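Worksheet: one structure, shown below.
The values are calculated or read from the model by the stated rules, or taken from the named source; none is laboratory data. Predicted, not measured: the structure shown is a model, and the values here were computed from it. Ideal geometry is used to build each Cβ from the backbone, glycine not excepted, and the neighbour counts take in all protein chains shown. These area figures cover heavy atoms from the full protein model, side chains too; ligands, DNA and RNA do not enter into them. Shrake-Rupley method; radii C 1.70, N 1.55, O 1.52, S 1.80 Å.
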Amino acid sequence: YESLYMYCDEALRGNVKDAAGLSDKQGLTIKSIQSLLAAMRLGSETARQFFPRLLQLVGQNAFITKEFRAQAAEVPAWMFLGWLSQMVAVLDKAESEAVQGITL
C-alpha cells in the first residue's frame with residue numbers, strides 16, 4: 001500500500017515520466033487516500049509519517065472528504081496521535097469535516 005501511495009502522490013505532483021493514463025487527478029487522489037490509510041490500518045509506521053500530505057490533499061480536493069472519513073474510520077486512533085496538533089489546526093478550514101471524526 002505504501003508503494004502505491006508514493007507512486008500516486010508522485011504522479012499527482014507531476015513527477016512521474018511517461019504517466020500515460022494517469023491524467024485522472026481525481027482517481028489518483030482517491031487512490032492515494034485509500035492506499036495510505038490502508039497502510040496505516042495495517043500498522044505501518046512509515047505510512048503514518050505521510051499523513052499530513054493527506055490533510056493537504058483533503059484541503060485541496062473537497063470531493064474526497066467522504067472517502068477520507070470512511071477510510072480513516074478503519075484506522076486505529078493511536079495512529080493519528082502524532083498529528084493531533086495538525087488536525088486541530090485545520091478545524092476552522094475546509095478540511096475540518098474530514099478530521100472531525102478523528103479529533104472528536
Does the stretch 68-104 hold any residues that are in contact with a helix residue (DSSP H, G or I) (Cβ under 6 Å, 6 or more places away or on another chain), open to solvent by 50 Å² or more (accessible area, probe 1.4 Å) and of a type in the set (Asp, Glu), and which are they? 74, 97
Here are the criteria: (1) closer than 18 Å to residue 2 by Cα; (2) part of a helix (DSSP H, G or I). Tell me which single one residue 75 does not satisfy. (2)
Taking residue 74, is it acidic (Asp, Glu) and without any contact (Cβ under 8 Å) to a residue 24 or more places away in the chain? no
Would you be able to tell me the number of residues in the stretch 49-67 that are within 20 Å of residue 30 (Cβ to Cβ) and open to solvent by 40 Å² or more (accessible area, probe 1.4 Å)? 8
So, first residue of a type in the set (A, V, I, L, M, F, W, C) in the stretch 21-35, second residue modelled with pLDDT under 85, Cβ within less than 7 Å, six or more apart or across chains; the pairs are 22/16; 28/22
I'd like to verify a number: residues in the stretch 37-69 that are within 13 Å of the chain's Cα centre (by Cα) and either among the charged types (D, E, K, R) or within 19 Å of residue 4 (Cα to Cα) (or both), how many? 22
Out of (1) modelled with pLDDT under 90; (2) under 14 Å from the mean Cα position of the chain (by Cα); (3) of a type in the set (S, T, N, Q), the one residue 100 does not meet is (2)
Could you check how many residues of the stretch 25-74 are touching a Ser or Thr at 6+ places or on another chain (Cβ under 8 Å) and over 18 Å from residue 90 (Cβ atoms)? 1
